[in-house]
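Here's the structure, in structure tokens; my notes come after.
The values are calculated or read from the model by the stated rules, or taken from the named source; none is laboratory data. Values in this document were obtained by computation on a predicted structure and should not be read as measured data. Quick reminder, even Gly has a Cβ in these numbers, built from the backbone with ideal geometry, and neighbours come from all protein chains shown. Accessible surface areas use protein heavy atoms only, side chains included; no ligands, DNA or RNA. Shrake-Rupley method; radii C 1.70, N 1.55, O 1.52, S 1.80 Å.
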Amino acid sequence: MAYQVRRLARSERAYPFDWWVTPLDSVLKVLDAGAPAVFEAAQLMKVPDYGGDRALYSRLSGTVHRHEFPAGEDYLALDEAELARRLIPKYEALQARLVDDCAEGTTLFVRKCLPEHDPRDDRLEETIDHLHAALATFAADPRLLLLDYAPVRPRPWLMTASVPRLRDHNDLGSERGWNRTFRALGIACRSGKKFRFDDLIETFEARQ
């Protein structure tokens, strides 16, 4: 999902959550505690085999991390204090960028369902509202796109969709499917050379 959103935004800017495996409840925990807290030494647990790959697990957020270090580096050989020393400054910078970039204009946040971990029914409705409230503490005008969730009640700042799996689908998803979804929702990007994630502008006029 991070790849597709960056492609559509014509952006190379990274943020917290981009490559994480993150239950929806964990998103709220991270927004509350701050992304650097996820990588404090006391929170980290090494996972030698996560679906055939190495990973880190954070007890604070319940998040799984497989892409924090260069490919080929045996980061599990490092102790937790060294892992924290290397990761916390990275996420301090990413957290500051997120807050700064979302301070003005409209920001579209995109969330894809994790069916085995995410809440359902009434608890999903409650979590969505809590999530928007948390985003609004630092984003001037947060909008939320939920992908592959069960139907929820409408909100003026919420969109829902499922990205179709078209013939060009690969391990990064279907570019044609993502293009079609953004067009159908009326999501547009500002023109210009310096695109950022907050340059994703949802145009609601057609539905007002």
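Just a few scattered comments:
- Of the residues making up segment 26-40, just one is within 14 Å of A81 (Cβ to Cβ) and open to solvent by 40 Å² or more (accessible area, probe 1.4 Å), namely E40.
- Taken over segment 65-77, residues that are modelled with pLDDT under 95 and open to solvent by less than 20 Å² (accessible area, probe 1.4 Å) amount to 1.
- Residues located in segment 114-150, provided they are without any contact (Cβ under 8 Å) to a residue 24 or more places away in the chain, of a type outside the set (D, E, K, R) and part of a helix (DSSP H, G or I): A133
- Positions within segment 28-55 being in contact with a Leu (Cβ under 9 Å, 6 or more places away or on another chain) and under 13 Å from I88 (Cβ atoms), in sequence order: A33, A35, P36, A37, V38, F39, E40, A41, A42, Q43, L44
- Residues of segment 128-152 satisfying the condition of being of a type in the set (G, A, S), open to solvent by 60 Å² or more (accessible area, probe 1.4 Å) and under 16 Å from D100 (Cβ atoms): A140
- Test: residue in segment 1-14 that is closer than 24 Å to D129 by Cβ, touching a strand residue (DSSP E or B) at 6+ places or on another chain (Cβ under 6 Å) and open to solvent by 50 Å² or more (accessible area, probe 1.4 Å): yes
- The single condition among (1) among the charged types (D, E, K, R); (2) at pLDDT below 95; (3) farther than 24 Å from L114 by Cα; (4) under 20 Å from the mean Cα position of the chain (by Cα) that R190 does not meet is (4).
- Pairing each residue of segment 162-176 that is surrounded by 14 or more Cβ atoms within 10 Å (Cβ to Cβ) with any residue that is of a type in the set (A, V, I, L, M, F, W, C), provided the two are 6+ apart or on different chains, yields C-beta distances under 8 Å for V163/L147; V163/W178; G173/M1; G173/V163; S174/V163; S174/L166; R176/L166.
- Residues located in segment 6-48, provided they are over 20 Å from the mean Cα position of the chain (by Cα) and either at pLDDT below 95 or in a helix (DSSP H, G or I) (or both): A41, A42, Q43
- Selection within segment 75-97 - within 10 Å of P36 (Cα to Cα) and touching a strand residue (DSSP E or B) at 6+ places or on another chain (Cβ under 8 Å): A84
- Hits in segment 79-110 - residues which are assigned to a helix (DSSP H, G or I), touching a residue at least 60 places away in the same chain (Cβ under 8 Å) and either open to solvent by less than 60 Å² (accessible area, probe 1.4 Å) or of a type in the set (S, T, Y) (or both): Y91, L94, Q95, L98, D101
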